[in-house]
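Enquirer: Supplied in structure tokens, the structure appears directly below.
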Amino acid sequence: MKYKIKYATMDELNSWIKLVRLVSWNFPGLETEELLDAYKNTVIKNINRKSAICAISEDKVVGILLFSIKYNMLCCMAVHPDYRKRGIAKRMIKEMISNLDKSRDIIVDTFREEDPKGIAPRALYTSLGFEPAELIESFGYPNQRFVLRAK
């Protein structure tokens, strides 16, 4: 399955949201239609800011990543279950990093070590040089911040 990494446009919005609905059970803060609508508005803002990266395969969004230039942060990332373990997440993160300030720490919040949901993302972030940092809560869910230290 071939795919390409690109900055999302409004043309990808519906396919993006379809992927998010598929994996929303795995993401605190996306449990209701109201929260999904708010998320959709966030995606639109990020598309307009050029801080929304997606992976496309056969005209379908199979990977998503939102980031914040202001906070030097990976905000949200997911890959379609049928497309995992193909390097999509790693390529999206590398593209994001190329747009962030490497003189500042880059952060991402993910699941804690004891959370089974955290096994794959924690391994991915560690492989890219991120280090575990403080324990936090996001959307009322226990998480941990990971930091890619400034050069």
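Enquirer: Let's test the formula: R0 of 25 Å, r as the Cβ-Cβ distance of Asp59 and Ala123. What FRET efficiency results, to the nearest 0.05?
Expert: After rounding to 0.05, the efficiency reads 0.25.
Enquirer: Pairwise over distinct Cα atoms, reciprocal of the mean inverse distance: report the Kirkwood radius of the stretch 99-151 in Å, one decimal place.
Expert: Evaluated over the stretch 99-151, this radius sits at 11.4 Å.
Enquirer: Now for a separate question. In whole percent, what relative contact order does the stretch 1-141 give with Cα contacts below 8 Å and a gap of six or more residues?
Expert: So the answer I get is 22 percent.
Enquirer: Along the positive direction of the dipole of the chain (beta-carbon charges: Lys, Arg +1; Asp, Glu -1; about the Cα centre), which of His80, Met96, Gly29 reaches farthest?
Expert: Projecting each Cα onto the dipole axis, the largest value belongs to Met96.
Enquirer: Membrane-span-like helices in the chain: DSSP H runs reaching 18 Å or more (Cα, own axis), mean Kyte hydropathy at least -1.0?
Expert: 33-49
Enquirer: Ignoring ligands, DNA and RNA, what percent of the 1.4 Å accessible area of the chain is carbon and sulfur?
Expert: C and S atoms contribute 54 percent here.
Enquirer: Within 10 Å of each candidate Cβ there may be at most 11 other Cβ atoms; applying that plus a DSSP loop requirement, which GluC sites (Glu not before Pro) in the stretch 99-151 survive?
Expert: Passing both the DSSP loop test and the Cβ count: Glu113, Glu114.
Enquirer: Please check which bits of the stretch 65-84 a label hung off Ala150 would reach, taking the label as a point 7 Å along Cα-to-C-beta and the cut-off as backbone N under 20 Å.
Expert: Answer for the stretch 65-84: 68-75.
Enquirer: Not counting the cut sites, what is the longest span of the chain without chymotrypsin sites (Phe, Trp or Tyr not before Pro) that DSSP labels loop and that have at most 14 other Cβ atoms within 10 Å?
Expert: Between the exposed loop sites, the longest stretch runs 1-70.
Enquirer: How far, in nm, would the chain grow between Asn48 and Glu114 when pulled straight, counting 0.36 nm per residue and subtracting the alpha carbon separation?
Expert: Additional length available on full extension: 20.1 nm.
Enquirer: To continue, here is another question. How big is the antiparallel share of DSSP beta bridges in the chain, given as a percent to the nearest 5?
Expert: Bridges in the chain that DSSP calls antiparallel: roughly 95 percent.
Enquirer: While we're here: Would you kindly work out the equivalent ellipsoid of the stretch 57-97 from its C-alpha gyration tensor and give its semi-axes, the square roots of five times the eigenvalues, largest first in whole Å?
Expert: 20, 10, 8
Enquirer: Among Val108, Ser138, Ala120, whose Cα lies farthest out toward the positive end of the dipole of the stretch 83-151, if unit charges sit on the beta carbon of Lys, Arg (+1) and Asp, Glu (-1)?
Expert: So the residue we want is Ala120.
Enquirer: Over the alpha-carbon set of the chain, work out the extent along each principal axis and list the three values in angstrom, largest first.
Expert: Largest first, the chain extends 37, 32, 30 Å along its Cα principal axes.
The values are calculated or read from the model by the stated rules, or taken from the named source; none is laboratory data. Every value quoted in this text rests on a predicted model; they were computed, and no experiment measured them. No Cβ is skipped: glycine too gets one built from the backbone with ideal geometry, and neighbour counts run over all protein chains shown. The area values use the complete protein model at the heavy-atom level, side chains included, leaving out ligands, DNA and RNA. Shrake-Rupley method; radii C 1.70, N 1.55, O 1.52, S 1.80 Å.
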